[in-house]
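**Student:** The structure's right below; bear with me while I get my questions together.
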Amino acid sequence: MTSFTEAHRGGSGEPLVCLHGFTDTWRTWELVLPALEREHDVLAPTLAGHAGGPELNGSLSDVVLAEHVERAMDEAGFDTAHIVGNSLGGYVALQLAARGRARSVVALAPAGGWAPGDSSFNDALDHFTTVQELLKAAIPHVDAIVATPEGRRRATEAFTENYEHIPPDLVRHLMIGAANCPAVFPLMAHAREHGWPLDPARIDCPVRVVWGAADRLLPWPRAALRYRDDWLPQADWVELDGVGHCIQLDVPLETAEFVLGFTA
């Protein structure tokens, strides 16, 4: 019904890696790529276990995700790169920074920022369980859903506040990709058991964290407390009113400005 590919590469300039969120694909960056590629050699891989991404050969963990991105960077000839990531991709971007692979990081609502002892991260994981069931039922009707503004609003309301500019084909792609994401349940099980480990002391590159105040998946500021108070208090913090979880879809022009203003 739609094509899924392992990565996108385009543009010229300093290397920039774009990492998508949980159940997403590289195409979540599609509205931002033209601006980014005017300044950067952009690699946008699909994460392991996601539709179009590398297949899983064994268990899936945060370490496996980071290692697959490192492999893609090596194949692209990127020893280091500026890295931008959304949600799960933001968390992986910070892992890569701790591994010495990042020149800078722009993290858009990165996962893993709940305060120690805060079990509300289970609410986010439960959301994905519910969404998987809904998507499986909706996919046979996907063309009818994306054909109307009301359908596109329902399909995107969990992760965007501003949706009118998102092309129907992209909404369709993201719905089908999320419904066919093999990583959903293995990665949720890993997160419930092991949490979100990060070694912030090893992150020595500049970091900008951008969060939408209307984020429904990782609510601001509760889902950011560990980053803001413990791990990355020295980062450049940006709060956006009226913006949801997938900032690159919600406000693509502003996203490009936040990235390019930082990588410059």
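The values are calculated or read from the model by the stated rules, or taken from the named source; none is laboratory data. Here the structure is a predicted model, which means the values were calculated and not measured. Cβ placement follows ideal geometry from the backbone for every residue including glycine, while neighbour counts extend to all protein chains displayed.
**Student:** Being at pLDDT 95 or above and charged (D, E, K, R) is the filter here, so list the residues in the stretch 108-164 that pass it.
**Tutor:** Passing the criteria: Asp143, Glu150, Arg152, Arg153, Arg154, Glu157, Glu161, Glu164.
**Student:** Exactly one of these conditions fails for Gly113: (1) more than 22 Å from Leu43 (Cα to Cα); (2) not in a loop (DSSP other than H, G, I, E, B). Give me its number.
**Tutor:** Just one mismatch for Gly113, condition (2).
**Student:** For the structure I just gave you, tell me whether Arg208 is modelled with pLDDT under 95, in contact with a helix residue (DSSP H, G or I) (Cβ under 8 Å, 6 or more places away or on another chain) and basic (Lys, Arg).
**Tutor:** no
**Student:** Which numbered condition trips up Thr28, out of (1) assigned to a loop (DSSP other than H, G, I, E, B); (2) within 22 Å of Thr129 (Cα to Cα); (3) not aromatic (Phe, Trp, Tyr)?
**Tutor:** Every condition holds for Thr28 apart from (1).
**Student:** Now, a different point. Looking at this structure, is Glu239 under 21 Å from Val84 (Cα atoms) and touching a residue at least 12 places away in the same chain (Cβ under 8 Å)?
**Tutor:** On the way: under 21 Å from Val84 (Cα atoms): yes; touching a residue at least 12 places away in the same chain (Cβ under 8 Å): yes.
So Glu239 passes the test.
**Student:** Within the stretch 80-133, work out how many residues are of a type in the set (Ser, Thr, Tyr), more than 13 Å from Ile203 (Cα to Cα) and in contact with a Gly (Cβ under 6 Å, 6 or more places away or on another chain).
**Tutor:** 1
**Student:** Could you please find all residues in the stretch 1-38 being among the polar types (S, T, N, Q) and touching a helix residue (DSSP H, G or I) at 6+ places or on another chain (Cβ under 7 Å)?
**Tutor:** So the first thing to find is which residues in the stretch 1-38 are among the polar types (S, T, N, Q), and the list is 2-3, 5, 12, 23, 25, 28.
The answer is Thr2, Thr23, Thr25, Thr28.
**Student:** Another question about this same structure. Consider Leu125 carefully, then state whether it is under 22 Å from Asp229 (Cα atoms) and in contact (Cβ under 8 Å) with a residue 12 or more places away in the chain. Working first, answer last.
**Tutor:** Numbers: under 22 Å from Asp229 (Cα atoms): no; in contact (Cβ under 8 Å) with a residue 12 or more places away in the chain: yes.
In short, no.
**Student:** What number of residues in the stretch 44-79 are in a loop (DSSP other than H, G, I, E, B) and either more than 19 Å from the chain's Cα centre (by Cα) or of a type in the set (A, V, I, L, M) (or both)? Steps first, please.
**Tutor:** Taking the stretch 44-79 as the starting set, the residues that turn out to be in a loop (DSSP other than H, G, I, E, B) are 46-61, 77-79.
After this cut, where a residue has to be either more than 19 Å from the chain's Cα centre (by Cα) or of a type in the set (A, V, I, L, M) (or both) as well, the list is 47-48, 51, 56-60, 77-79.
Qualifying residue count, the stretch 44-79: 11.
**Student:** Are there any helices (runs of 4 or more DSSP H) wholly within the stretch 130-237 with 1 or more residues that are within 20 Å of the chain's Cα centre (by Cα), of a type in the set (A, V, I, L, M, F, W, C) and surrounded by 16 or more Cβ atoms within 10 Å (Cβ to Cβ), and if so which? Step through it out loud before you land on a result.
**Tutor:** Details: elements: 142-146, 149-156, 168-179, 184-194.
Here the list reads 149-156, 168-179, 184-194.
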